[in-house]
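Encoded as structure tokens, the structure appears first; notes follow it.
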Amino acid sequence: MPEQVPLTMSPEREAELFEHADRRTAVFDDLVDPIAAAFKAELLAERAAHVAMREHRRKWGDPEYWQLRCKEAESQLAATRERLSVVMIKHSLTTGHGDTAEDLLNELDRQLAETREQLNGAFENVSLSGSRD
């Protein structure tokens, strides 16, 4: 009959095996820890970016929504500029360069002021009796 191996080991042998296992674990930890730390840092950075975007959207709304709203406002402003220039031309007013709506409004304001001065001058020349001086 084969000799039975005892199920217990000597304290020296047990200490030797634990020391060897600790050394292998330490080497493994030294190799894995930087990779795990880098991965963990990347996950934390990604999570921080998501939190920041969620916070930004909560405070300001979706950036794509505001970009769309800006494009709509620009197209409405261009349409308004076109309508204003058509009305000015229809009433025989010059549009100047008319590059922007503000240019058109400034030109319109200037021409209305000139017209007002001309009308005031014409009324001053007309007497109450209806005859011109």
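Remarks
- ³J(HN,Hα) computed for each position of region 92-103 - Karplus, 6.51 cos²θ - 1.76 cosθ + 1.60, integer Hz, glycine/proline x: 6, 9, 7, 9, x, 6, x, 5, 10, 4, 5, 4
- Under 23 Å from the Cα of Lys59 - lysines, other chains or at least 8 residues apart: Lys71
- Between Thr100 and Asp62, the FRET efficiency from the beta-carbon distance, with R0 = 25 Å, is close to 0.30.
- Point-to-point label distance, Ala79-Glu55, nm (Cα→Cβ direction, 7 Å offset): 3.9
- Across region 105-122, rounded Karplus estimates of 3J(HN,Hα) from the backbone phi angles (6.51 cos²θ - 1.76 cosθ + 1.60, θ = phi - 60°) give 5, 5, 5, 4, 4, 4, 5, 5, 5, 4, 5, 4, 5, 5, 5, 4, x, 5 Hz, Gly and Pro being marked x.
- 10 Å binning of all Cα-Cα separations within region 34-118, expressed as whole percents from 0 upward: 15, 24, 16, 14, 12, 10, 6, 2, 0
We did not get these values from a lab; they are worked out from the coordinates using the rules stated. Only a predicted model underlies this, so the values are computations on that prediction, with no experimental measurement involved. Here the Cβ is made from the backbone with ideal geometry for all residues, glycine too, and neighbour counts use every protein chain on show.
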